[in-house]
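In what follows, a single structure is set out as structure tokens and then discussed.
The values are calculated or read from the model by the stated rules, or taken from the named source; none is laboratory data. Only a predicted model underlies this, so the values are computations on that prediction, with no experimental measurement involved. Backbone-built Cβ (ideal geometry, glycine too); neighbour counts: all protein chains shown. Calculation scope for accessible area: heavy atoms of the full protein, side chains included, ligands and nucleic acids excluded. Shrake-Rupley method; radii C 1.70, N 1.55, O 1.52, S 1.80 Å.
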Amino acid sequence: MQIHRNIEALPGFKNAVITIGTFDGVHEGHRKVIRQLTARAREVNGESVIITFHPHPRKVVNSSILGLRLINTLDERIELLEALDVDHLVIIPFTEVFANQLPEDYLCNFLIEKFKPHTIIIGYDHRFGRDRMGDYKLLEQLQQKYQYALQEIPKHILDNISISSTKIREAILKGDTTTTNHLLGYDFFFEGEVVHGDKLGRELGYPTANLKIMDEEKIIPGNGIYAVYAALADNTRRFKGMMSIGLRPTVNGTRRTVEVNIFDFDATIYGQSLRVYVKQFLREEVKFDSLEAMVKQIDQDKMDSLAVL
């Protein structure tokens, strides 16, 4: 997959079959659209092109939206899309100027001029241009003028995408790993930089990698204990482990932390990036009467983790 970030330096696409969207999650609903895209590209001996935006359009168009949390970072989206046999991914810097184009200017000066599409695959509810005035009907009206084929994404698939995205975000926040991973079609994952903690885990026999989440828009699972796989930046090997997210009430913690105990692992990895694949929720975070009671439960957590990994 070729990745393009400069819309002034796009290649000449061959019979471009394009679709447009944020594709946050790249979940099973999105994959149905992408399969439609790649199948059409093969049918017309053309190239499949996904057009996406960064930052998320909702953050630019609606300034009242604060704390927007996304299932994927941009880099994660790229990685997931790259595995789906898409020929091109074009990342458009989304700005107020871009958002405020008149709908026909958007179509003529952006889609037609930059991509010369053979086919546009889009949903019936797609909106574009100033005040979201452009829609599927406008694309139909201008189809003969600009000589492109138009394919509609079926309503049931669009509804599934919308429902799934909402359900996935809610499930992640609730620690519902079963729903999350089923709807995604893969194990939810996130990354953080390994930073120094208070070393209590080491004293208790369970050293942890304390993670600083680098992307503030990335959604993080709800508090609790989880069975996980962990991998360093090269992602060549996944280690079994368990993760705690929460306030650490037993030691009177006041700050939410993300800590991963990696099984059979003793390397020093401060400053490195650690990816965590969230496999299964084990239990809620609780306050124990003593450190001894907490360690006894951690022993059980490790056994429970190994049983599902």
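Here's the yes/no breakdown for (1) of a type in the set (D, E, K, R); (2) at pLDDT 90 or above; (3) within 19 Å of Val26 (Cα to Cα); (4) out of contact with any strand residue (DSSP E or B) (no Cβ under 8 Å at 6 or more places or on another chain):
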site: Ile121; (1), (2), (3), (4): no, yes, yes, no
site: Asp131; (1), (2), (3), (4): yes, no, no, yes
site: Gln143; (1), (2), (3), (4): no, yes, no, no
site: Asn160; (1), (2), (3), (4): no, no, yes, yes
site: Gly175; (1), (2), (3), (4): no, yes, no, no
Please pick out the residue among Phe281, Phe288 that is more than 22 Å from Glu79 (Cα to Cα) and either among the aliphatic types (A, V, I, L, M) or surrounded by fewer than 16 Cβ atoms within 10 Å (Cβ to Cβ) (or both). Phe288
Filtering segment 68-100 down to residues that are within 13 Å of Val49 (Cβ to Cβ) and among the charged types (D, E, K, R), which residue is most open to solvent (accessible area, probe 1.4 Å)? Asp85
Which of the residues belonging to segment 1-27 are of a type in the set (Phe, Trp, Tyr) and either under 14 Å from Thr119 (Cα atoms) or open to solvent by 50 Å² or more (accessible area, probe 1.4 Å) (or both)? Phe13
List pairs: first in segment 104-131 and of a type in the set (Phe, Trp, Tyr), second assigned to a helix (DSSP H, G or I) and open to solvent by 60 Å² or more (accessible area, probe 1.4 Å), Cβ under 8 Å, 6+ apart or cross-chain? Tyr124/Lys155
Inside segment 251-282, can you point out the residues that are touching a Leu at 6+ places or on another chain (Cβ under 7 Å), at pLDDT 95 or above and of a type in the set (Lys, Arg)? Lys279
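What residue, among those in segment 251-269 that are assigned to a loop (DSSP other than H, G, I, E, B) and hydroxyl-bearing (Ser, Thr, Tyr), is least open to solvent (accessible area, probe 1.4 Å)?
Checking each candidate, the answer is Thr268.
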Return yes when Glu193 is open to solvent by 20 Å² or more (accessible area, probe 1.4 Å), over 30 Å from Lys14 (Cα atoms), in contact with a strand residue (DSSP E or B) (Cβ under 9 Å, 6 or more places away or on another chain) and outside any helix (DSSP H, G or I) and no when it is not. yes
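For every residue, the table says whether it meets (1) modelled with pLDDT of 90 or more; (2) open to solvent by 70 Å² or more (accessible area, probe 1.4 Å).
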| position | (1), (2) |
| --- | --- |
| Thr179 | yes, no |
| Glu203 | no, yes |
| Asn210 | yes, no |
| Pro249 | no, no |
So Leu107, is it over 20 Å from Pro11 (Cβ atoms), among the aliphatic types (A, V, I, L, M) and buried (at least 18 other Cβ atoms within 10 Å of the Cβ): yes
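Can you name every residue in segment 56-67 that is outside any loop (DSSP other than H, G, I, E, B) and either open to solvent by 50 Å² or more (accessible area, probe 1.4 Å) or modelled with pLDDT of 95 or more (or both)? It would help to see each step written out before you state the result.
Restricting attention to segment 56-67, the residues satisfying the condition of being outside any loop (DSSP other than H, G, I, E, B) are 57-61.
Of everything in segment 56-67, those that are outside any loop (DSSP other than H, G, I, E, B) and either open to solvent by 50 Å² or more (accessible area, probe 1.4 Å) or modelled with pLDDT of 95 or more (or both) turn out to be Arg58, Lys59, Val61.
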So, first residue more than 22 Å from Ser164 (Cβ to Cβ) and open to solvent by less than 40 Å² (accessible area, probe 1.4 Å) in segment 28-55, second residue basic (Lys, Arg) and modelled with pLDDT of 95 or more, Cβ within less than 6 Å, six or more apart or across chains; the pairs are Gly46/Lys14
